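Enquirer: This structure is in structure tokens; I'll ask about it shortly.
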């Protein structure tokens, strides 16, 4: 028999492809949760401290003696504890951007050792999925989401650098110093992109860098002072200008980003015609923290990260809390103001963005931010260790509360009177503001698609997955996010979904393909491998919603999976997945 | 909030009723945008569907033809063949005496009496993303707040209960930053994006036959109820259900047909051109007929750093017929008096021709076309002098017009108070548009 000439090249090509694929499969070993159940006593002590502070917050003991019978200060009951699977789901979404796989859930349930959640958190933090995902989320605070000046700014290099730092668990203050005082070429030194991200209209924008620095590293929006003196805090216009002056030397050369003294002189000259004065580099408080040696940017970096600069640690604690819960710790605060000759105190609520913290020790806020102080202090004493910070936050009571609160368990709100309803709503908002219930937070687009993709597979998609699975995941995620829309840097502010997103989830190709019964996918494998309709239903619910079906759900779905005439209708499994993907429970963190 | 009163008798099953139930939901405090002096939400619903109204009875709509990349003023609406920087473009007469435009736009030239030209737009943003932000919102990028685009402001200020499809639509969008956003007004005012107008509408229809869709909704109801039962108020605040209802309403709405082009005669489609942009302009006209408030159609490809003239020739072959067909249709259907037509990009291009026969970014004096919606037509505002601007880059054009002025003008002609202040989420009051209306364009 003569072999057609085409066969050999095809054979070679297939062989090369197969070898390449197998070579590219990551050799990284799967990170099993450590069997050694040693959670340090030191961690326990800090968690107990945070929990005590949370209890004071729940009891309303945040304004000292001044506490009154005011409704906003009345004690609230915390919600009961959530079950472990729900907490594992929260952890997985926050640290890896996906829900846990069926495989992980089964292993987790089989783990009967003590401190199961703490050990699993440690394992998740050691997984490279954490470094990659968290780098992307933190990067928003440092370089935003814009693509910037193409030739001078490489966002991918920045996130790759950040991911490497997280993988090596480098101290956070070192990272900040690297970014602020970076030098060199943006393609080679990833951190340089922190600076080149602020290059627009043919020059560096020191104002943008000052604004970003204050927001990202101090949790302060002093850029409002760029145009006017901040009405509420003490920031003044010239303080902002003094901060910006640290970046005035920035320039480009063949060696990349450098400091050029003449740039500052030029900017000063240009500013003379302008109304706003351009003072020399200055910091708005504690100038004694500025070292005498080093470049302007190195001095600024040292001042920002100075061990006594509480704003620095409070800012990162508030942000990481926000990334874990979907809402920063200081999102909604009571402000006390004293009015009238009798000095009567009044309280008002204020909504704060993640980078808009009140000054430490501002008496108007009482001790509502005690939790941030404890987290910040622990962060400092442990070498600015981000993983430790995450461990503490996720081990504290607030992270483990149910998202259902007894106060909201009304039989039917539709039957309530308008005023009762309003009162109940306000009560729930107070409970949420004080972290006595886990908040309902809309998942970010990559978490939604990450979860859909994970639900599509029985095994965990990680570095060990086959390259093909990971490539599919990568492209699907990108396409989906393009269509779904990215919330950008406002990601920690409450946003509703859009009609476009609802249509995409209901009728889009992704949801359709991901719910088709095909071999090697969960919708194909689960029905084939599960011994009974009961098991099918349980596995689908576990792999998508990380829980087992309720009685009502069983009553709805079991007849579909096992019809009385023995003949299952077409697309039953696909329709089950469709419903799960579109349910609020799937796309809201709870 | 008012609620939908439309009937869906076709889908009378329990699951549909549950999903389409009128919503009496109060929105969460954080999502509330306080509106100082705004009464727009209190306006009574229109007595008749927008689709049946014509002329001055109609609430006005805006169509923006977004020329992405920065069109060259010299090769479009402000030709200067007498200048050594004019390039190979010729100036041709138009239907307005003394007004000449580039010869690449012969069909538009015949219809210039419907439009006015501004030749002296000024901006300070010479980067695509920042320039787009500025020209779409009237505000320069500001890290403390995301401003809403003009289209989002209009969708919010001029609601219409009879419209069951999105009121703010972006057709043929390219880069994600080109899609106009709701900014601090909320994600519900983001433009509804359609990548390939007239095609690929599968996301807007149920994927399965009615019987299976029924089962899907029953399943969804079962799973949603388990979640909602113990946290009804919290679940309500997510608005998940409400958004789903709106999407389902849209999926079954007759008005959705406005997004399809199957029933348009071939001759009509050919007049607009069988391109994404041409189809987008035709869909835009159909959406205006349904009462959609604000539509942007994007034509990318104006970033001609090399071979500027050839680039603009190519672009003009797409833009000229589509624009002409759109003007004709709007005029013929008596929709032009109620539809503002704006043709603009994020900036213009340098008068100086670079070594690659290209032109670079130039925000210091560029052009746009504007007309319809009760604005005066046949007017020319401002002028540029390429020779003088090449000699002195800082020299402003004659009679400069700012984007905020342009937007204040559009808001006024559409019946929106441009000076209305909105309290943004950070507590700072901001005007809808900072500029002063251009009296010369207003009647």
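The values are calculated or read from the model by the stated rules, or taken from the named source; none is laboratory data. Here the structure is a predicted model, which means the values were calculated and not measured. Glycine also receives a Cβ, built like all others from the backbone with ideal geometry; neighbour counts cover every protein chain displayed.
Conditions tested, residue by residue: (1) within 14 Å of another protein chain (Cβ to nearest Cβ); (2) touching a helix residue (DSSP H, G or I) at 6+ places or on another chain (Cβ under 8 Å); (3) buried (at least 22 other Cβ atoms within 10 Å of the Cβ).
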{"site": "A:315", "(1), (2), (3)": "no, yes, yes"}
{"site": "A:325", "(1), (2), (3)": "no, yes, yes"}
{"site": "A:346", "(1), (2), (3)": "no, no, no"}
{"site": "A:350", "(1), (2), (3)": "yes, no, no"}
{"site": "A:361", "(1), (2), (3)": "no, no, no"}
{"site": "A:364", "(1), (2), (3)": "no, no, no"}
{"site": "A:373", "(1), (2), (3)": "no, yes, no"}
{"site": "A:389", "(1), (2), (3)": "no, yes, yes"}
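Enquirer: How many residues, within segment B:243-260, are farther than 27 Å from residue A:439 by Cα, at the interface with chain A (Cβ under 9 Å from one of its Cβ atoms) and without any contact (Cβ under 8 Å) to a residue 60 or more places away in the chain?
Expert: Counting residues in segment B:243-260 that are farther than 27 Å from residue A:439 by Cα, at the interface with chain A (Cβ under 9 Å from one of its Cβ atoms) and without any contact (Cβ under 8 Å) to a residue 60 or more places away in the chain gives 1.
Enquirer: Another question, then. May I ask you to verify whether residue A:301 is surrounded by 16 or more Cβ atoms within 10 Å (Cβ to Cβ) and either on the phi < 0 side of the Ramachandran plot or without any contact (Cβ under 8 Å) to a residue 40 or more places away in the chain (or both)?
Expert: The answer is yes for residue A:301.
Enquirer: Taking residue B:172 as the residue in question, decide whether it is buried (at least 22 other Cβ atoms within 10 Å of the Cβ) and either more than 12 Å from the chain's Cα centre (by Cα) or facing chain A (nearest Cβ under 10 Å) (or both).
Expert: Against the criterion (buried (at least 22 other Cβ atoms within 10 Å of the Cβ) and either more than 12 Å from the chain's Cα centre (by Cα) or facing chain A (nearest Cβ under 10 Å) (or both)), residue B:172 does not qualify.
Enquirer: Still on this model: For residue A:544, only one of the following conditions fails: (1) over 22 Å from residue A:92 (Cβ atoms); (2) within 29 Å of the chain's Cα centre (by Cα). What is its number?
Expert: Condition not satisfied by residue A:544: (1).
Yes or no, residue by residue, for (1) assigned to a loop (DSSP other than H, G, I, E, B); (2) modelled with pLDDT under 95; (3) closer than 24 Å to residue A:93 by Cα:
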site	(1), (2), (3)
A:519	yes, yes, no
A:527	no, yes, no
A:534	no, yes, no
A:552	no, yes, no
A:568	yes, yes, no
A:573	no, yes, no
A:578	no, yes, yes
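Enquirer: Follow-up. Give me the residue from segment B:171-185 that is part of a loop (DSSP other than H, G, I, E, B) and at pLDDT 85 or above and, out of that set, nearest to residue B:264 (Cα to Cα).
Expert: Taking the candidates together, the pick is B:172.
Enquirer: In segment A:400-447, what residues are within 12 Å of chain B (Cβ to nearest Cβ) and within 20 Å of the chain's Cα centre (by Cα)?
Expert: A:402, A:403, A:432, A:433, A:437, A:438, A:439, A:440, A:441, A:442, A:443, A:445
Enquirer: Taking residue B:278, is it crowded, with 19+ Cβ neighbours inside 10 Å, in contact (Cβ under 8 Å) with a residue 12 or more places away in the chain and under 18 Å from the mean Cα position of the chain (by Cα)?
Expert: Here the answer is yes, as residue B:278 does meet what is asked.
Enquirer: Only one of these conditions is not met by residue B:356: (1) closer than 24 Å to residue B:94 by Cβ; (2) surrounded by fewer than 24 Cβ atoms within 10 Å (Cβ to Cβ). Which number is it?
Expert: In the conditions (1) closer than 24 Å to residue B:94 by Cβ; (2) surrounded by fewer than 24 Cβ atoms within 10 Å (Cβ to Cβ), residue B:356 misses (1) alone.
Enquirer: Suppose we filter A:285, A:232 for residues that are at pLDDT 70 or above, out of contact with any helix residue (DSSP H, G or I) (no Cβ under 7 Å at 6 or more places or on another chain) and not in a helix (DSSP H, G or I); which single one remains?
Expert: Residue meeting the stated conditions: A:285.
Enquirer: Hey, another quick one. Being at the interface with chain A (Cβ under 7 Å from one of its Cβ atoms), in a helix (DSSP H, G or I) and either on the phi > 0 side of the Ramachandran plot or crowded, with 21+ Cβ neighbours inside 10 Å (or both) is the filter here, so list the residues in segment B:223-242 that pass it.
Expert: Across segment B:223-242, the qualifying residues are B:223, B:224, B:227, B:231, B:233, B:234, B:235, B:240.
Enquirer: Same structure again: List, please: which pairs have Cβ atoms under 7 Å, are six or more places apart or on different chains, and start with a residue in segment B:210-231 that is farther than 15 Å from residue A:574 by Cα and end with one that is modelled with pLDDT under 90 and surrounded by fewer than 18 Cβ atoms within 10 Å (Cβ to Cβ)?
Expert: What qualifies is B:221/B:18; B:230/A:409.
Enquirer: Criterion first (closer than 28 Å to residue B:391 by Cβ, assigned to a helix (DSSP H, G or I) and modelled with pLDDT of 95 or more) does residue B:74 satisfy it?
Expert: Here the answer is yes, as residue B:74 does meet what is asked.
Enquirer: In contact with a strand residue (DSSP E or B) (Cβ under 9 Å, 6 or more places away or on another chain), touching a residue at least 40 places away in the same chain (Cβ under 8 Å), surrounded by fewer than 23 Cβ atoms within 10 Å (Cβ to Cβ) and within 20 Å of residue A:584 (Cα to Cα): is that true of residue A:446 in this structure?
Expert: Answer is no for this residue.
Enquirer: Follow-up question, since we're still on this one. Which ones in segment B:202-232 are over 18 Å from residue A:581 (Cβ atoms) and more than 36 Å from the chain's Cα centre (by Cα)?
Expert: Across segment B:202-232, the qualifying residues are B:211, B:229, B:230, B:231, B:232.
Enquirer: Let me ask you something else. Considering only segment B:193-220, state which residues are at the interface with another protein chain (Cβ under 7 Å from one of its Cβ atoms) and assigned to a strand (DSSP E or B).
Expert: B:193
Enquirer: Can you tell me how many residues in segment B:176-189 are more than 8 Å from every other protein chain (Cβ to nearest Cβ) and out of contact with any strand residue (DSSP E or B) (no Cβ under 9 Å at 6 or more places or on another chain)?
Expert: 1
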